[in-house]
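Novice: Below: one structure in structure tokens.
Computed from the coordinates by the stated procedures, all read-outs in this text should not be read as laboratory data. This one's a predicted model, so the numbers in the text were calculated from it and none came from an experiment. Using ideal geometry, Cβ is built from the backbone for each residue, glycine included, and neighbour counts are taken over all protein chains shown.
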Amino acid sequence: MTAQTKLSKVTIIIWSIAVLFAIVSICSADSMRLTARNMYEHPYTVTNTARGMRSRLLDMKRFVSIFLTTSFKTEDSARELFEERYEMQYEAIETIRERYLGSETAVESLQSAMDDLVEIQEKALQYVGGQHGQEEILGFIEEQVYPRYDRSTIVWN
């Protein structure tokens, strides 16, 4: 075998190893990019969405007594405001369900807490515009509604 042939074979082997190394490096870099994107997108989206939910819940908790005692004269006008909030909350729960990498049980707990809150607020809406006095409405809110708000905000803490 001539020196030229040996050199060609060595060149081909080195070139093949270099190409293989480049392919492995590219695949590894792409895998790291996907992992980094998942690490960014999922926890960030879930945390941001949960923070928005919590903020809306705290706002509603703060104002629910005002809404039910003085702001609305009819059940329908109060219901409209609540339903807008419910829609935002349920959209947030769906975003969390899609992105959350943890246990589905945690998302189900959040869903359950929200369902309980909606159910008790439906009962509270019946107090609007009726023969119920402000003290009776506030008593119902204190005893029944506020604990549901607390449960809804604690689920993710």
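Novice: Given contacts defined as C-alpha pairs under 8 Å and at least six residues apart, what's the relative contact order of the chain, whole-number percent?
Specialist: Here the relative contact order equals 30 percent.
Novice: What number, in nm² with one decimal, is the all-direction average of the projected area of the convex hull of the alpha-carbon atoms of segment 89-132?
Specialist: The number I arrive at for segment 89-132 is 3.3 nm².
Novice: Projected onto the charge dipole of segment 13-153 (+1 at Lys/Arg Cβ, -1 at Asp/Glu Cβ, origin at the Cα centre), which of 23, 121, 140 gives the Cα projection farthest towards the positive end?
Specialist: Looking along the dipole axis, the top candidate is 23.
Novice: Where nothing but the Cβ of Lys and Arg (+1) and of Asp and Glu (-1) is charged, how large is the charge dipole of segment 13-153 around its Cα centre, in debye to the nearest 20?
Specialist: Details: 15 positive and 23 negative charges, 154 e Å.
So the magnitude is around 740 debye.
Novice: Putting +1 on Lys and Arg Cβ atoms and -1 on Asp and Glu Cβ atoms, find which of 111, 100, 130 reaches farthest to the positive end of the dipole of the chain.
Specialist: Positive-most Cα among the choices belongs to 100.
Novice: For the chain, how big is the tail of P(r) above 27 Å, as a whole percent of Cα pairs?
Specialist: Considering the chain, 48 percent of its Cα-Cα pairs are separated by more than 27 Å.
Novice: Kindly provide the helix-only [θ] at 222 nm of the chain, computed as the sum of -39,500 (n - 2.57) over DSSP H runs of four or more divided by all residues, to the nearest 500 deg cm²/dmol? Don't skip to the answer; put the middle values down first.
Specialist: On the way: 5 runs with 127 residues, N = 157.
Per the formula, -28500 deg cm²/dmol.
Novice: Near residue 73, which aspartates and glutamates are there with a Cα under 19 Å away, not counting those fewer than 8 places off in the same chain?
Specialist: In chain and number order, the partners are 83, 84, 122, 135, 136.
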